[in-house]
Each structure stands twice: as C-alpha cells, then as structure tokens.
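Asker: Here it is: the structure, laid out below.
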Amino acid sequence: MSQTINRRDLDFLIYELLDAESLCERGYFSGQGRDIFDPMLDLAEDVAREHFQACAEAGDQHPAEVVNGKVRMIPEAGKAAGIMFEAGFVAAGMDSEHGGLQLPFTVASACMAVFQSANIGLSGLPLLTAGVANLLIEYGNGEQKALYIPPLLDGRFYGTMCLSEPHAGSSLTDIRTRAELLEDGTYAITGNKMWITGGEHELGENIIHLVLAKIPGGPPGVKGISLFIVPRYRVNADGSAGEPNDVSLAGLNHKMGQRITPNCALNFGENGRCTGYLVGEPQRGLEYMFMMMNEARIGVGLSAVGVGYAGYLYSLEYARERAQGRMPDNKDPANQMVPIIRHADVKRMLLAQKAYVEGGLALCLFAAMLVDEKKTHPDRSARQEADLLLDVLIPVVKAWPSDWCLEANKHAIQILGGYGYTQDFPVERLYRDNRLNMIHEGTGGIHGIDLLGRKVMMKNGAGFRLLVREIQKDADGAAAHSALSEFATALNRVVTTVTETTEILATTAARGELNRFLANSSAYLDMLGHVVIAWMWLKQAAVAQARLADANDADRQFYQGKIQACRYFFRWELPKTQTQAELLSGLDTTCLDMPEEAF
C-alpha cells in the first residue's frame, strides 16, 4: 500500500489554493512553471516510494548502531539518501549561484513532504544538511561558502545543528560549551552536545556541525552565545576531508521511533584539538541559528503531516478492503459482512485524520509560500507583511501538526484494530516515528510561550492583528457561497472570542503578572492553532465550492471530500476553542498554584 502524500491533494494546494505558478512572473523564478514543478513532484514520488519507503521497515527493525567504533546504518539508507542528493532535492530551493535549482520554497517543501511521508527518519539527514547550507549561504563568509556549500549540496558532506547539552536540555541560556580564540583566528571548542541527529555516520566523507558555544568574557545568558562551524574532519584547501577534528561519539540515544538514523551524544575537544570557525559576528549565534531553526520548524511541521498522512492513507485503504460486521439496520447473519469503511465510527476516525493531515499540509505549504513572498514579492510592504505573518504562524506550524497528526496516527491504529498494534503493519511504526516531532525543535510548551509571550505581543500586537485581518478577509469571501456561510460565520465569531481573550492576557502581562500571563500558554497555542486550521479549511472549501459545478466525476468527489472535511472540522473540532477561551480569559491558575509537595 502506498504511504506517500496524495498527489491530487498536492496539486490542489500548490496550483489551486496557493497559485504557486504566479510566482514564476517574478524575475527570481522566471523560466519556471508547471512544466518544471510537475516532473520534480513526479520524481519525488518515484524516489520516495522506490528507495525511502522501501527501506523504512528495515531501518526500524535494524536501527543505527555502533560497530567497531563506527556508526552503522542499513546499506539501503546511504543509497536512498545519495539518490535524493543526486536528483537535486536537497538543493531544490537554493539559489542557482550556489548550485541550487531555485525552485519556489513552496514547491521544494511539497517535494520534501513526499519524502517525509515515505521515511521520516531517513529524510531528516538531507533536510538538516540543507539547513546547514542555507545558514552558511546567509551568514558565512566567502571562504566558508566556497569550502562547505558545494560538498553539502552534492552529498559528500552532511550537516547537523548542535544546540542542546546533557545538563541544560532546551535551556540554551545554560549551555557550557566554550570557544576560546586562538592566535590564528580559529577557536578551540570544548564541551558536550546531546540529541544530535546524524551526529555520526558513514554516509558521506564528512559531517559539518554547527555548534552553539560561549566565548569567555562575553555577556551572560543567550546574549553570549556564538555560532561555529566544527567539521568532523578538518577540511583541506581542495575541499577534501583531512585529519580528525577531535569530535568524538559519546554514545547513541536509542529512540522509540525514527530509529533508522543515529541520534548522538558528542564530545568536542576531549584532547584539546577541536577547531571551530566563527560564523558571522561573536554573540550573534542564537540569532543566526534561529534562521535555521525556523526553516527546520516548517520542516518538522511537514514531517508530522507526512507521517500522519501515511497512516491515514494506509488505514483508508485497509478500511475499504477489510470486511467486518453489518450495518445496524441489517444484522441478518446470512448477509455478507460489509467493509468497515461503511461504519459511521470508522468514517469518523477517517474524517478526523483527513481533517488533521490535509489541514496541516495546507498550513505548512501556506507558510512555505510566505517564505517565497517575503523573499520575492516586488512590493516592500507586502514582503514585510509576509515576514510578520510568518513569524506569528511559525509556532503553530511546528506544534499543531506535531500534536494533531500524531492523533491521526492513533486513529489509524484503531481502525486496524488488533492488527494495528502489531509490527506486521506499518501504522504502529508510524505512530512511534511521529511521536518524536512533539519534541523536535522545541516542545509544545516552549512554542506556547514563544507564541503568546513573544510572537503575539511583538510590535505591539501587529502580527496578531494582521493574522486576524487575513482570517476575517477570507471568512467574508467564503460567505459568498451559501453552502459555506455557516462556517464563515462560525470562524468570524471564534476570531472575535480569541481577540478578546488575547486582550485580557495582554492586560495581565502589562500589569507585570508574567507567571499568570504564561501559565496556560500551551492552551493558547492549541486554541489559536485550531482557529488557524479552520481558516485553512475554509480557504480550501471556498476553492472546492467554486470549482465543483464544472468538475469531472473524479474532481467532483475530490472537492466534495474537501467540503465535507471542512464541515467536520468546524462542527467537531472548532467548538473546542470555546472551552479553551473560557479557561484563558478566566486567568486560571490551577496548574501554576499546584504545590510541588502535593503531587
């Protein structure tokens, strides 16, 4: 059974909802169009199915391990990743001057989502490598770009980002890794990093680590963090890998999912010979890394969508083929059993999955379109608005799919019944694989604080007000369709409630009651996330409704599915926001007030 994202859905989002072809009217994307986008999507599907999906089960059953001091992965992993590099997908969205294909980020992200749905663990290594290359393109000096970017994009070098440390976890304020300036202008790196995906393996000639560290004498906290290139092997002037750079493997973390790839604890400078190269200016490391992290957060959202989508498609096909039971109005045992897809509760679980994964995919690709807008829109104010809107949405893009597409995987297991819990079927693996996305690039709690404490309040609430205006504009437009007026009215009503709730919270922050202000920020994230996904569904339903009358039979069924999923989300999911708004508006302190000793 196929586990890659529905191509008709991708075409709908790219061409009908987002109109990515219109980007080709801009100079940066000139000469491109659907005649280029479609073959790239076709190739992504072929490579993902034949190479990534084909080794997903083997990679789970035979996870990365240490053999004779080296990290060993299944041989199919290196071949699959190599084909992905060779086909140009890692460099798909990068400038042509750096060897990229200069595709819109919207299209490149759609291609990446196909790989993520096929094998999330393996696709993470090229994705991280692309992130390292992008950061160096933005902030590296000329020598660094020339030395590292070509081998990163052709797969000779892989990349990682090294942020967390064993004692500090997500609290980057407390990192201890040091970088001491040497006479030749390089830095001696010493410290320990934890949870490093792809920190050690033999797929390429070298691994380029981007390491956060503090230069002695700098300011305390996150303001004192700088960013360094730390190669696994020092890189010779001709670009080849040279002598070891005193980066050693401390051990592998044995995860419940995404087991095909190594997740490592690394030691830097155990022997005093680890050399790092400063990226940009000192004490701006976290600022630089956020560029990579924001890109990675869209990637994590897409990862969660991809794995949730894979489970949805598998359980959908299973439900169509599995005969069991009879309908309530026809219980005669002499009658044949019916496919379980006919049972209302199975349809409920399938509709929930469809609403979560297709809504999440629309959000992630919408965010990718904002990246294209802020980079290439000819109007400066439009670029600024795209950047502002993206800033507000990034926590939702990462966290909402991570929560709710995991819920989709839960439903997929349930639809398969007892079989869903066995290793004979992929849905239990997909659940384990997706569970990691709730941790990757920041927990939901961290993103709740980021959303409410920073993004919603930044620039005196300008980003939040822009989001509200965009939602209301689309709701008013959808109201022109009588079939959608119920949903347009509901969305406008909920946006008013959320706005009022946000004002109450902002007043609390203005009074200096910061602990109370942020106590329930994860609930705020979930509430606003549901509103944003409802917006995405109304946008999709409006396009589907407009095209329904002239559609052929296959497209008519597709569009009807979109409208029905919109209906499900508005009637089953969006009402949950009312309870959350009441909790938040009441400034509930139940969790904040719980004494530690009372647990």
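The values are calculated or read from the model by the stated rules, or taken from the named source; none is laboratory data. These figures come from a predicted structure and were not determined experimentally. Backbone-built Cβ (ideal geometry, glycine too); neighbour counts: all protein chains shown. Heads up: the accessible areas ignore ligands, DNA and RNA and are worked out on the full protein's heavy atoms, side chains in. Shrake-Rupley method; radii C 1.70, N 1.55, O 1.52, S 1.80 Å.
Asker: For the stretch 152-172, enumerate the residues that are under 16 Å from I208 (Cα atoms) and either surrounded by fewer than 21 Cβ atoms within 10 Å (Cβ to Cβ) or among the hydrophobic types (A, V, I, L, M, F, W, C) (or both).
Answerer: Those that are under 16 Å from I208 (Cα atoms) and either surrounded by fewer than 21 Cβ atoms within 10 Å (Cβ to Cβ) or among the hydrophobic types (A, V, I, L, M, F, W, C) (or both): L152, L153, D154, R156, F157, M161, C162, L163.
Asker: Quick one: R259 ticks every box in (1) under 29 Å from I439 (Cβ atoms); (2) assigned to a strand (DSSP E or B); (3) open to solvent by 50 Å² or more (accessible area, probe 1.4 Å) except a single one, so which number is it?
Answerer: (2)
Asker: Right, something else. Kindly establish whether T489 is surrounded by 17 or more Cβ atoms within 10 Å (Cβ to Cβ), polar (S, T, N, Q) and over 27 Å from M349 (Cβ atoms).
Answerer: No: the conditions fail for T489.
Asker: A follow-up question, please. If you check A386 against the conditions, is it among the small types (G, A, S), modelled with pLDDT of 95 or more and open to solvent by less than 10 Å² (accessible area, probe 1.4 Å)?
Answerer: Considered against the rule, which asks whether it is among the small types (G, A, S), modelled with pLDDT of 95 or more and open to solvent by less than 10 Å² (accessible area, probe 1.4 Å), A386 comes out as yes.
Asker: Consider L249 against the criteria (1) assigned to a helix (DSSP H, G or I); (2) out of contact with any His (no Cβ under 9 Å at 6 or more places or on another chain); (3) in contact (Cβ under 8 Å) with a residue 40 or more places away in the chain; (4) open to solvent by 10 Å² or more (accessible area, probe 1.4 Å): it satisfies all of them except one. Which criterion is unmet?
Answerer: For L249, the failing item is (1).
Asker: Using the structure shown, decide if I175 is within 23 Å of L125 (Cβ to Cβ) and buried (at least 22 other Cβ atoms within 10 Å of the Cβ).
Answerer: No; evaluated as a whole, the condition is false for this residue.
Asker: Let me ask another. Does the stretch 303-323 include one or more residues that are open to solvent by less than 60 Å² (accessible area, probe 1.4 Å), farther than 24 Å from S521 by Cα and not in a helix (DSSP H, G or I)?
Answerer: Yes, the conditions are met somewhere in the stretch 303-323.
Asker: Just one of (1) without any contact (Cβ under 8 Å) to a residue 60 or more places away in the chain; (2) open to solvent by 10 Å² or more (accessible area, probe 1.4 Å); (3) not small (G, A, S) trips up L127, so point out which.
Answerer: It fails just one condition, (1).
Asker: Also, quick follow-up: Tell me whether the stretch 495-504 contains one or more residues that are under 25 Å from Q545 (Cα atoms) and more than 29 Å from the chain's Cα centre (by Cα).
Answerer: No, the stretch 495-504 has no match at all.
Asker: Only one of (1) touching a His at 6+ places or on another chain (Cβ under 9 Å); (2) β-branched (V, I, T); (3) surrounded by 23 or more Cβ atoms within 10 Å (Cβ to Cβ) fails for I225. Which number is that?
Answerer: For I225, the failing item is (1).
Asker: Kindly list, by first and then second residue, each pair from a residue in the stretch 90-119 that is on the phi > 0 side of the Ramachandran plot to a residue that is open to solvent by 20 Å² or more (accessible area, probe 1.4 Å), limited to pairs with Cβ atoms under 9 Å and residues at least 6 apart or on different chains.
Answerer: G99/P150; G99/D154; Q102/Y28; Q102/Q32; Q102/G93; Q102/D95; Q102/S96
Asker: Run A334 past the list (1) within 26 Å of T422 (Cα to Cα); (2) in a loop (DSSP other than H, G, I, E, B) and report the number of the one that doesn't hold.
Answerer: (1)
Asker: Continuing with this model, one more query. If a residue must be of a type outside the set (S, T, N, Q), exposed (fewer than 15 other Cβ atoms within 10 Å of the Cβ) and in contact (Cβ under 8 Å) with a residue 12 or more places away in the chain, how many such residues does the stretch 324-337 contain?
Answerer: So the answer is 3.
Asker: Any residue in the stretch 538-558 that is surrounded by 15 or more Cβ atoms within 10 Å (Cβ to Cβ) sitting within a Cβ distance under 7 Å of a residue that is of a type in the set (K, R)? List the pairs, counting only those 6 or more apart or interchain.
Answerer: Partner pairs satisfying both residue conditions: Q540/K562; A541/K562; A544/K562; L548/R556; F558/R8.
Asker: Checking the structure you have, find out if any residue of the stretch 381-400 is free of Cβ contacts under 8 Å to residues at least 40 places away in the same chain, over 30 Å from A130 (Cα atoms), of a type in the set (K, R) and part of a helix (DSSP H, G or I).
Answerer: no
Asker: Within the stretch 134-232, which strands (runs of 3 or more DSSP E) (wholly inside it) include 3 or more residues that are touching a residue at least 40 places away in the same chain (Cβ under 8 Å)?
Answerer: Where strands (runs of 3 or more DSSP E) fall fully within the stretch 134-232 and carry at least 3 residues being touching a residue at least 40 places away in the same chain (Cβ under 8 Å), they are 157-162, 187-197, 206-214, 225-231.
Asker: Turning to a different aspect of this structure: Which helices (runs of 4 or more DSSP H) does the stretch 1-113 wholly contain that include 1 or more residues that are polar (S, T, N, Q) and surrounded by fewer than 19 Cβ atoms within 10 Å (Cβ to Cβ)?
Answerer: Passing ranges, in order: 56-61.
Asker: Separate question: Going through the stretch 163-182 one residue at a time, which ones are under 21 Å from E287 (Cβ atoms) and at pLDDT 95 or above?
Answerer: Once the filter is applied, which keeps residues that are under 21 Å from E287 (Cβ atoms) and at pLDDT 95 or above, the stretch 163-182 yields T177, R178, A179, L181.
Asker: Moving on. Among the residues of the stretch 566-599, write down those that are of a type in the set (V, I, T) and either touching a residue at least 12 places away in the same chain (Cβ under 8 Å) or open to solvent by less than 40 Å² (accessible area, probe 1.4 Å) (or both).
Answerer: Looking only at the stretch 566-599, we keep the residues that are of a type in the set (V, I, T), and these are 577, 579, 589-590.
Listed by number, the residues that qualify are T577, T589.
Asker: Can I ask one more? Considering only residues that are acidic (D, E) and crowded, with 22+ Cβ neighbours inside 10 Å, look in the stretch 396-450 and name the one that is farthest from I5 (Cα to Cα).
Answerer: Here the answer is E441.
Asker: For the stretch 120-162, give me the residue count where each residue is within 15 Å of G285 (Cα to Cα) and among the acidic types (D, E).
Answerer: Adding up the residues that qualify gives 1.
Asker: Sticking with this one: Can you find a residue in the stretch 418-425 that is at pLDDT 95 or above and within 22 Å of T197 (Cβ to Cβ)?
Answerer: No, every residue in the stretch 418-425 fails to be at pLDDT 95 or above and within 22 Å of T197 (Cβ to Cβ).
Asker: Same structure again: Does A480 satisfy the condition of being part of a loop (DSSP other than H, G, I, E, B), among the aliphatic types (A, V, I, L, M) and exposed (fewer than 14 other Cβ atoms within 10 Å of the Cβ)?
Answerer: Answer is yes for this residue.
Asker: Looking at R348, is it open to solvent by 10 Å² or more (accessible area, probe 1.4 Å) and either part of a helix (DSSP H, G or I) or at pLDDT 95 or above (or both)?
Answerer: yes
Asker: If N271 satisfies every condition in (1) within 28 Å of V107 (Cβ to Cβ); (2) over 23 Å from the mean Cα position of the chain (by Cα) but one, which is the exception?
Answerer: (1)
Asker: Quick one: which residue in R429, R454 is part of a helix (DSSP H, G or I) and without any contact (Cβ under 8 Å) to a residue 12 or more places away in the chain?
Answerer: Only one candidate qualifies: R454.
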